[in-house]
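What follows draws every value from the coordinates through simple rules; no lab data is involved. Only a predicted model underlies this, so the values are computations on that prediction, with no experimental measurement involved. Because the Cβ atoms are built from the backbone with ideal geometry, glycine has one as well, and the counts that use them run over all protein chains shown.
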Amino acid sequence: MPRLAVGDIAPDFTLQTADGGSVTLSDLRGRHVIVYFYPAAMTPGCTTQACDFRDNLASLQAAGYAVVGVSPDALPALAKFVAAEHLTFPLASDPERSVLEGWGAWGEKSLYGKTVTGVIRSTVVVDPEGRVQLAQYNVKATGHVAKLRRDLKVV
């Protein structure tokens, strides 16, 4: 799948969220939005990354950023993840992988030396006009939020 690049129009989406609601990207127009894609709730790397976003959410929001996590997990798994880790931002379910594919976050990747098809851990920042401000693919779970804060100059 092609990846998004700086300046691209971010594809709109509406996905169901763990809290029983939904999130629509275009409803967040006028704000910066961090959309991050992760493979599976409750796994070590994804938990580390989600907790890093949770722990940095106040400073990101103070700088004008909203955060949305997207995975192919079913809603009950996401709800369990939110409750277990006290996550305070929306986690959205994309079981058909249409958003993952459209944003370039689904495809071949290397896992333990083998080539597999799955979620490519990615983060895309969308500007208030709906354009890609930053696109990072194959990010590491550990330390990613700190690097993202540096890249966005969020103190």
field: Qualifying lysines (Cα of each under 25 Å from Cα of Lys109; at least 8 residues distant if same chain)
entry: Lys140, Lys147
query: Given H placed on each backbone N at 1.01 Å, which residues far from Arg131 in sequence or on other chains put an amide H within less than 5 Å of it?
result: Ala10
- prompt: Once you mark the GluC sites (Glu not before Pro) that are in a DSSP loop and have at most 16 other Cβ atoms within 10 Å, what is the longest gap between them in the chain?
  reply: 1-95
message: Is there a quick way to get the dipole size of the chain? I mean about its Cα centre, with the Cβ of Lys and Arg at +1 and of Asp and Glu at -1; what is the value in debye to the nearest 20?
response: 500
statement: With a ≥ b ≥ c from the Cα gyration tensor eigenvalues, square-rooted, and the rule rounded for a/c under 1.5, otherwise prolate when a/b > b/c and oblate otherwise, segment 14-152 is rounded
query: Per the helix-only calculation at 222 nm, which mean residue ellipticity applies to the chain, given -39500 (n - 2.57) for every DSSP H run of n ≥ 4 and division by its residues, nearest 500 deg cm²/dmol?
result: -8500 deg cm²/dmol
- line: Scalar couplings 3J(HN,Hα) for segment 37-44 by Karplus 6.51 cos²θ - 1.76 cosθ + 1.60 (θ = phi - 60°), nearest whole Hz, x for Gly and Pro, are 10, 9, x, 7, 4, 6, 8, x
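Mind checking the full-extension length gain between Arg150 and Ser98? Use 0.36 nm per residue of separation minus the Cα-Cα distance, one decimal, nm.
Details: separation 52, 0.36 × 52 = 18.72 nm, distance 3.01 nm.
Stretched fully, the Arg150-Ser98 segment lengthens by 15.7 nm.
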field: Longest exposed-site-free window of the chain, the sites being trypsin sites (Lys or Arg not before Pro) in a DSSP loop that have at most 12 other C-beta atoms within 10 Å
entry: 1-139
